[in-house]
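See structure below.
The values are calculated or read from the model by the stated rules, or taken from the named source; none is laboratory data. What you see is a predicted model, and the numbers here were worked out from it, not measured in a lab. Don't worry about glycine lacking a Cβ; one is built from the backbone with ideal geometry, like all the others, and counts go over all protein chains shown. Heavy atoms of the whole protein, side chains included, go into the accessibility calculation; ligands, DNA and RNA do not. Shrake-Rupley method; radii C 1.70, N 1.55, O 1.52, S 1.80 Å.
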Amino acid sequence: MEIKFHSTNYNTPDVDFKTAIIRGQALDKGLYMLNEIPKLESTQIFSFKDLELFEIGNIVLSKIIGKIIPEQNLKEILGTALNFKVPIEKISNNDYICYLDKGPTCSFKDFGARTLARMMEYFLESEDKNAVILTATSGDTGGAVAQAFYKMRRIKVVVLYPKDEISDLQRKQMTTLGQNVTAIGINGKFDDCQRLVKTAFADSDLKHINLSSANSINFGRLMPQTLYYFWSYSRVVENKGEKVIFSVPSGNFGNLMGGLIAFRMGLPVRKFISAVNENDEFPNYLETGIYKKVEPSKKCISNAMNVGHPSNLARLIDLYRGQIDELGIVHKDPDLNKIHQEIVSYSIDDNLTKKTIADFYQKYKKIIEPHGAVGWAALQKYREIYPENNNFKAINLETADPAKFPEEIISLINITPKIPNSLEIIQNKEEFPNQVEVNEYRDFKKFLRENF
Ligand SMILES: *Cc1c(COP(=O)(O)O)cnc(C)c1O
């Protein structure tokens, strides 16, 4: 039996894995979510310590995917998608950092984007079809998606980004490619980009274009993000069944959802710390039980997390048997007690983020970047409030390379972070100009109709 996927809005029929991946978003604007979550034995999870990341991936993901992608093809997809290192380093006592920033765009989004690109190409190839990927980015998604799909034969990519809210390097990761990749800068915020994309998906005039999404709303992006939880877990524990704490820098909550699914699959976790910046809608929700978006979203130095209404909240709430729609209206309360048992969430403001970057360098002579710093600060806060859990190991997820935020790092610790090779190449490349001025949805629609 294949596992089916329902929409978090419950207004459209269940689909199989392939349909969920190809569509990206459900027809009723909900997100596709697993009907049931397969289980792994703790003995098997512990034995992952002897396996490589892509081997863990073959085991974990085939549980979810079933036979829709044959074993040999899945091996090939994961072997080429996850071909970079994922180092884990002990920082102090029981606190570790897992570096998710060693992929080609130096962002943790390489995990999901590269895997999804290859899965989509596989499905389209097998059906002899083509697709256009629409993606909104608050910083890093765009680069990871553009690079991941670059030169795929059956897929074209359109990325929308907020012109004034991303770094030069983040922009260049999208604008220097050309070929099947179009990057469009918007005078607005991430949420505006997101709205344009969502409107296009729902627009019946665009039905003739096979539109799909590679945002974290696509389950195919989310699924591979379970893997670094299994991986890092297997590298730090000494005993079978040992529980660890994860601190997760969170924006659209795809990162955290990967962890929560891994947890439901059997990964022994003591607690998830959802670390957010000043966009504090989630910690507020946990505290008050009343959900209120942050509108407009706040501009923080951890810019990939400047999200006032996380899209994956729909899945999170669904996992705890509640329902929230794409507008942020809660139709059914989730089991908040259970959420409190499993997740804590802290908002870390820019001042503390900066102080954390400076202190971290002082103390450990290592550079941490703004997103990882939000996670680290939240972990330290947790350690202070819950000293009874100090015996549990904790893994903080570092989601980007410090070299992506040079001005910030230099101003705080007076050191220029070393640029990884993959970024250096991009830095010196020519950018393609903005192809179209998009001020309202009409402009975007016109562009799509004329070009695809
Ligand atoms: C996207 C991103 C995050 C947040 O991940 P979500 O899945 O949106 O919660 C954190 N750090 C970096 C560097 C990112 O690019």
Inset, instruction - Being assigned to a loop (DSSP other than H, G, I, E, B), open to solvent by 50 Å² or more (accessible area, probe 1.4 Å) and modelled with pLDDT of 95 or more is the filter here, so list the residues in the stretch 306-334 that pass it. - result: Arg321, Ile329, Asp333
Inset, instruction - Kindly state which helices (runs of 4 or more DSSP H) lie completely within the stretch 364-427 and contain at least 1 residues that are within 13 Å of Lys271 (Cβ to Cβ) and more than 23 Å from the chain's Cα centre (by Cα). - result: 370-385
Legend entry - Every residue from the stretch 354-375 that is within 16 Å of the ligand (Cβ to nearest atom) and either at positive phi or open to solvent by 10 Å² or more (accessible area, probe 1.4 Å) (or both): Thr356, Ile367
Legend entry - Qualifying position, being of a type in the set (Val, Ile, Thr) and out of contact with any Ser or Thr (no Cβ under 9 Å at 6 or more places or on another chain), among Ile64, Ile69, Ile59: Ile59
Inset, instruction - Just name the residue that is farthest from Gly139 (Cα to Cα) out of those in the stretch 96-111 that are open to solvent by 10 Å² or more (accessible area, probe 1.4 Å) and more than 10 Å from the ligand (Cβ to nearest atom). - result: Tyr96
Inset, instruction - Just need a number here: residues in the stretch 198-257 that are farther than 25 Å from Ile301 by Cα, charged (D, E, K, R) and within 20 Å of the chain's Cα centre (by Cα). - result: 1
Inset, instruction - Would you be able to tell me the number of residues in the stretch 433-450 that are surrounded by 12 or more Cβ atoms within 10 Å (Cβ to Cβ) and at pLDDT 95 or above? - result: 8
Inset, instruction - Would you check if there is a residue in the stretch 177-197 being modelled with pLDDT of 95 or more, surrounded by fewer than 24 Cβ atoms within 10 Å (Cβ to Cβ) and in contact with a Ser or Thr (Cβ under 7 Å, 6 or more places away or on another chain)? - result: no
Inset, instruction - Please verify whether the stretch 252-268 includes one or more residues that are open to solvent by 10 Å² or more (accessible area, probe 1.4 Å) and within 13 Å of the ligand (Cβ to nearest atom). - result: yes
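Condition check ((1) touching a residue at least 40 places away in the same chain (Cβ under 8 Å); (2) in contact with a helix residue (DSSP H, G or I) (Cβ under 8 Å, 6 or more places away or on another chain)) across all residues:
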{"position": "Lys338", "(1), (2)": "no, no"}
{"position": "Thr353", "(1), (2)": "yes, yes"}
{"position": "Thr356", "(1), (2)": "no, yes"}
{"position": "Leu397", "(1), (2)": "yes, yes"}
{"position": "Pro417", "(1), (2)": "yes, yes"}
{"position": "Gln427", "(1), (2)": "yes, yes"}
{"position": "Tyr441", "(1), (2)": "yes, yes"}
{"position": "Arg449", "(1), (2)": "yes, yes"}
Legend entry - Yes/no for Lys151 being in a loop (DSSP other than H, G, I, E, B), of a type in the set (Lys, Arg) and in contact (Cβ under 8 Å) with a residue 24 or more places away in the chain: yes
Legend entry - Unmet requirement for Phe246, which otherwise passes all of (1) outside any helix (DSSP H, G or I); (2) away from the ligand (no atom under 16 Å from the Cβ): (2)
Legend entry - Candidate set from the stretch 121-131 (those that are out of contact with any Ser or Thr (no Cβ under 7 Å at 6 or more places or on another chain) and hydrophobic (A, V, I, L, M, F, W, C)); member that is farthest from the ligand (Cβ to nearest atom): Leu124
Inset, instruction - Being in contact with a His (Cβ under 7 Å, 6 or more places away or on another chain) and open to solvent by 10 Å² or more (accessible area, probe 1.4 Å) is the filter; apply it to the stretch 287-304 and report the residue that is nearest to Ile64 (Cα to Cα). - result: Ala304
Legend entry - Total residues in the stretch 141-152, condition open to solvent by 20 Å² or more (accessible area, probe 1.4 Å) and not basic (Lys, Arg): 3
Inset, instruction - Select from the stretch 163-197 the residues that are part of a loop (DSSP other than H, G, I, E, B) and of a type in the set (A, V, I, L, M) and write down the one among them that is nearest to the chain's Cα centre (by Cα). - result: Ile166
Inset, instruction - Mind listing just one residue for me: the one in the stretch 112-140 that is basic (Lys, Arg) and over 26 Å from Ser167 (Cα atoms) and, of those, surrounded by the most Cβ atoms within 10 Å (Cβ to Cβ)? - result: Arg118
Legend entry - Single match in Arg270, Arg235 (criterion: farther than 28 Å from Leu160 by Cβ, in a helix (DSSP H, G or I), basic (Lys, Arg) and in contact with a strand residue (DSSP E or B) (Cβ under 8 Å, 6 or more places away or on another chain)): Arg235
Legend entry - Members of the stretch 353-363 found to be among the aliphatic types (A, V, I, L, M) and within 23 Å of the chain's Cα centre (by Cα), listed by number: Ile357
Legend entry - Search result, residues across the stretch 283-325 that are more than 17 Å from Gly30 (Cα to Cα), within 11 Å of the ligand (Cβ to nearest atom) and aliphatic (A, V, I, L, M): Ala304, Met305, Val307
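Yes/no per residue for (1) out of contact with any Cys (no Cβ under 9 Å at 6 or more places or on another chain); (2) modelled with pLDDT under 95; (3) open to solvent by 40 Å² or more (accessible area, probe 1.4 Å):
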{"site": "Asn9", "(1), (2), (3)": "yes, no, no"}
{"site": "Met33", "(1), (2), (3)": "yes, no, no"}
{"site": "Ser42", "(1), (2), (3)": "yes, yes, yes"}
{"site": "Ser47", "(1), (2), (3)": "yes, no, yes"}
{"site": "Lys85", "(1), (2), (3)": "yes, no, yes"}
